[in-house]
Amino acid sequence: MCLKPFWWRIRESRRVRQKQAIAGSLLLLAAGAAAAAGWGADQFQFEENKPWVELQRQLPPYPKAENEVEFYVGPATPHHFFLDKHSINIGADGVVRYTLIVKAAGGAENVSFEGIRCTSKEMKIYAIGGMNGQWVEPLHSEWRNVSYQDINRQHNRLYSDILCPDRLPARHVDDILQRMKE
């Protein structure tokens, strides 16, 4: 084993540090030149930078009683709430669309085709069920916040517990149907 004198080891460590400093400087110089030339400036566009675009929706067939799946909203309402399992659609735009059926304690029934945008906690009514079993477009169909309500909290329940776990759309319709049973 050959031992080098102390002053030689100091000289070698200085050379290593000098080489590292030169390599780092060249790397910074190359990165600065690339940035100045505009290379890579708009190379990548991340999802959050893209403006959101709503997909065209297609109205589903009017719901049938055999396709209705009930979900529990809470003890404060006497109404019963259902989704038509064949209408549930998880869109590429992050909107979960579904047909909601509300059966009031007095016997009235309200049907609507709606969507919930999971990332922004908003909902929209696309169509309302008419007396003749046909869809009717509402006069004003715009996105509005899903807020907590003590009595009619079906949209909050759908958002929080069924359609949008962790503020993201459910991955599969089967997951939604399973959460409706819970």
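Table for the structure above
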{"quantity": "Residues located in segment 144-182, provided they are touching a residue at least 24 places away in the same chain (Cβ under 8 Å), surrounded by 14 or more Cβ atoms within 10 Å (Cβ to Cβ) and under 18 Å from residue 120 (Cα atoms)", "calculated": "146, 153, 154, 155, 157, 158, 159, 162, 163, 164, 169, 170"}
{"quantity": "Among residues of segment 121-135, those that are free of Cβ contacts under 8 Å to residues at least 60 places away in the same chain and either within 25 Å of residue 176 (Cβ to Cβ) or surrounded by 12 or more Cβ atoms within 10 Å (Cβ to Cβ) (or both), counted", "calculated": "6"}
{"quantity": "Which numbered condition residue 81 misses (of (1) modelled with pLDDT under 95; (2) in the same structural domain as residue 175 (by TED's automatic domain parsing); (3) of a type in the set (A, V, I, L, M, F, W, C))", "calculated": "(1)"}
{"quantity": "Criterion (within 21 Å of the chain's Cα centre (by Cα), at pLDDT below 90 and surrounded by 10 or more Cβ atoms within 10 Å (Cβ to Cβ)) met by exactly one of 100, 26, 55", "calculated": "55"}
{"quantity": "Residue match in segment 147-161 (condition: farther than 20 Å from residue 57 by Cβ, touching a helix residue (DSSP H, G or I) at 6+ places or on another chain (Cβ under 8 Å) and among the small types (Gly, Ala, Ser))", "calculated": "yes"}
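The values are calculated or read from the model by the stated rules, or taken from the named source; none is laboratory data. Quick caveat, the model's predicted, so the values are computed rather than measured. A quick note on method: Cβ atoms are made from the backbone with ideal geometry, for glycine too, and the neighbour counts reach across all protein chains shown.
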